[in-house]
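Below: the structure, in structure tokens.
The values are calculated or read from the model by the stated rules, or taken from the named source; none is laboratory data. All values derive from a computational prediction rather than experimental measurement. Here the Cβ is made from the backbone with ideal geometry for all residues, glycine too, and neighbour counts use every protein chain on show.
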Amino acid sequence: MLVAVLSVELIKDMVNLKDPDLWGALIIILFTIFLSALIVVDRSSFGFLVGSLLFTHWMALIGGFWIAVVTPIFYVLKHRRPTRIKAWVRIHMYGNVVAFMLISVHFTYWITSVSFIGTGFALFVATLTLVVTGFFYRFNIIQSSKKYIRFIHISMTTAFYLILTIHILSHMMRL
């Protein structure tokens, strides 16, 4: 009986395998892993200046801006224009996965050379948790725990902003 129940749950979850958004997000995540591995192997290729900042800093600024500023705008739009909710959710999902890729490149670049990572590590873990819980929630990976995943996702959003504020302030004090 238990096997039959598990099989039915597995079949329900397999419906998500046909979702092109799932595959698109997975491709971006795999590319993120590839870029991070490339940085570990050849860090010097990413250590060039663009203006006054390193290339990887620009990537973190763009990715962080997207998650911290643009994502809340989509939240408001999602509730003000519910007829376009599917489009808003897709933009939110792809934008955040790409932003996470940019942040991962920055994080991998710095973690390979700095002995003290401080708030950067906490911020990366918070961002990673947001991406994972958002991914699990969006694609119903664990359907029986969907309300808990949503709770963790919303809670980590608060932690993200708190850690981001401390991270920015700590860097401003060093200048």
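A few remarks follow.
Condition check ((1) farther than 26 Å from MET59 by Cβ; (2) at pLDDT 90 or above) across all residues:
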| position | (1), (2) |
| --- | --- |
| ALA126 | no, yes |
| ILE141 | yes, no |
| HIS153 | no, yes |
| MET156 | no, yes |
| ALA159 | no, yes |
| THR165 | no, yes |
| HIS171 | no, no |
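- Complete set of residues in the range 52-98 that are more than 22 Å from TYR137 (Cβ to Cβ), part of a helix (DSSP H, G or I) and of a type in the set (A, V, I, L, M, F, W, C): PHE55, TRP58, MET59, ALA60, LEU61, ILE62, PHE65
- Positions within the range 1-29 being exposed (fewer than 10 other Cβ atoms within 10 Å of the Cβ) and at pLDDT 90 or above, in sequence order: PRO20
- Selection status of TYR161, surrounded by fewer than 17 Cβ atoms within 10 Å (Cβ to Cβ), in contact (Cβ under 8 Å) with a residue 24 or more places away in the chain and not β-branched (Val, Ile, Thr): yes
- In the range 77-97, the residue that is surrounded by the fewest Cβ atoms within 10 Å (Cβ to Cβ) out of those that are within 18 Å of HIS153 (Cβ to Cβ) and modelled with pLDDT under 90 is HIS79.
- Residues that are aliphatic (A, V, I, L, M), over 22 Å from ILE154 (Cα atoms), out of contact with any Lys or Arg (no Cβ under 9 Å at 6 or more places or on another chain) and in a helix (DSSP H, G or I) occur at least once in the range 16-23.
- Qualifying position, being without any contact (Cβ under 8 Å) to a residue 12 or more places away in the chain and of a type outside the set (S, T, N, Q), among ILE103, ILE91, ILE117: ILE117
- Of all residues in the range 39-58 being under 13 Å from VAL105 (Cα atoms) and aromatic (Phe, Trp, Tyr), the one that is surrounded by the most Cβ atoms within 10 Å (Cβ to Cβ): PHE46
- Test result for PHE74, surrounded by 12 or more Cβ atoms within 10 Å (Cβ to Cβ), at pLDDT below 90 and not polar (S, T, N, Q): yes
- In the range 130-153, the residue that is surrounded by the fewest Cβ atoms within 10 Å (Cβ to Cβ) out of those that are touching a His at 6+ places or on another chain (Cβ under 8 Å) and without any contact (Cβ under 8 Å) to a residue 60 or more places away in the chain is TYR137.
- Per-region count, the range 116-175, residues assigned to a helix (DSSP H, G or I) and more than 25 Å from LYS18 (Cβ to Cβ): 36
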